[in-house]
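Inspection log for the structure reproduced underneath, given as structure tokens.
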Amino acid sequence: MTAPVSIRNATKIFGDFTALNDVSLEIEAGEFIVLLGPSGCGKTTLLSLLGGFLSPSSGTVEINGQDMGHVPPSKRPTTTMFQDYALFPHMSLRDNVAFGLKMRKIGKAERHTKAEDLLDMVGLKSSADKKPHELSGGQRQRVALARALAVEPDVLLLDEPLGALDLKLRRQMQDELKAIQKRVGTTFVHVTHDQEEAMAIADRIVVMNAGNIEDVGRPEDIYMRPKTLFSASFMGEVNFIPGTLGKRHDGMVDVDTVLGPVSLAETALRDENLTKGTKVTLAIRPEHFRASTGTGPRITFGKAKVTDGSFFGTHHRAHLEPVDAPDIVLTAHMPQSAVIEAGAWIDLTIDPASVVVLAGHPDTTRTEDAA
């Protein structure tokens, strides 16, 4: 089972605090959506509106074209999967998975057959008679997923389900979760604060901040072409270079930055309504700085001194101090073969297609780390 979801102008207010501020979002049937953001951004509140655990102060939630405004959680075509598994310790895995079917008066033979099919799908059919305490954390999470899918929800809501797992197991479960979602075709809405997790599993990511949606798009689009300063910084390391928008000419736009003037294609602008004289910021990912000997179009920001560096296996991570703006600290991911030593000088060059121009100036010009 699967269904589209439509959230229109949803607002949720708790006393003097606005947890959601006029949020609208369309989710296609069978889509894997990830709600991503820091603590307090509104992502869990939005998930709770979908599940019926909270009611919006204003706005509507529709699932498969039906208004859910007065539909209680037990009557909605949704199931919620939580981080703490919520398995019954005294029941076998088979009975845990079949519990929702039992509540719907499905016969024992039918529900056990379905439970075993789902346990087979998550790789635990041979453990059907075991109790939850006999399993690892990853195995318990698989059982929780099988139980959530047993009642064939139109929409599966996942509230940070992988947060309690260690890094290796979490990455394994990310792959399995994505594969299972594609197999069953159910609409998944998944909450997390983990950027790598979001990029690994999502068809689209919804970046949230302070009760608002900052950005919506495919993982690669949000990483490479974010729409806002917050979205750019939350999705990973990024260099922010402040500037002022100049004139447009022949499909190009000039930007006067603290590192000197540059000319970029107008497609670098993430807001087409920006006008000359507007404060803007160039957003550049650390991996996009490369040696000046490369081929193809290049723009240069002059020389920079390496203040420190570390080797990360796949790359060197270096902090750079530009000659033209020594108050700025840039971060560059340089190739494995690069010689990175403190005090060395390098040319700051970049492919102009890798630069994004965003509205406004950040609070700080230092590289922003993912929250």
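The values are calculated or read from the model by the stated rules, or taken from the named source; none is laboratory data. Remember, predicted model here, so these are calculated numbers, not experimental data. Please note: Cβ atoms are built from the backbone with ideal geometry, for glycine as well, and neighbour counts cover all protein chains shown.
The condition of being crowded, with 22+ Cβ neighbours inside 10 Å, under 21 Å from K178 (Cβ atoms) and within 33 Å of the chain's Cα centre (by Cα) holds for only one of L124, L157, that being L157. Just one residue in the set L274, L229 is modelled with pLDDT under 95 and of a type in the set (A, V, I, L, M); that residue is L274. In the set T45, T60, only one residue is on the phi < 0 side of the Ramachandran plot, modelled with pLDDT of 95 or more, assigned by the TED database to the domain that holds D129 and surrounded by fewer than 20 Cβ atoms within 10 Å (Cβ to Cβ); that residue is T60. Here G251, G246 are screened, and the one residue that is touching an Asp or Glu at 6+ places or on another chain (Cβ under 6 Å) and surrounded by 13 or more Cβ atoms within 10 Å (Cβ to Cβ) is G246. When K168, K102 are screened for being surrounded by fewer than 18 Cβ atoms within 10 Å (Cβ to Cβ), assigned by the TED database to the domain that holds G51 and more than 21 Å from the chain's Cα centre (by Cα), only K102 passes. Residue count for the range 1-35 satisfying the condition of being assigned to a loop (DSSP other than H, G, I, E, B) and either in contact (Cβ under 8 Å) with a residue 12 or more places away in the chain or under 18 Å from the mean Cα position of the chain (by Cα) (or both): 8. Taking each residue of the range 204-219 that is under 8 Å from C41 (Cβ atoms) and looking for partners that are surrounded by fewer than 20 Cβ atoms within 10 Å (Cβ to Cβ) with beta-carbon atoms closer than 7 Å, six or more apart or interchain, yields G211/T18; G211/N21.
Residues checked against (1) closer than 25 Å to G52 by Cα; (2) among the basic types (K, R):
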residue	(1), (2)
A148	yes, no
E152	yes, no
P161	yes, no
A179	no, no
R183	no, yes
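If you go through the range 63-74 and keep only what is in contact (Cβ under 8 Å) with a residue 24 or more places away in the chain and either under 24 Å from the mean Cα position of the chain (by Cα) or at negative phi (or both), you end up with just I63.
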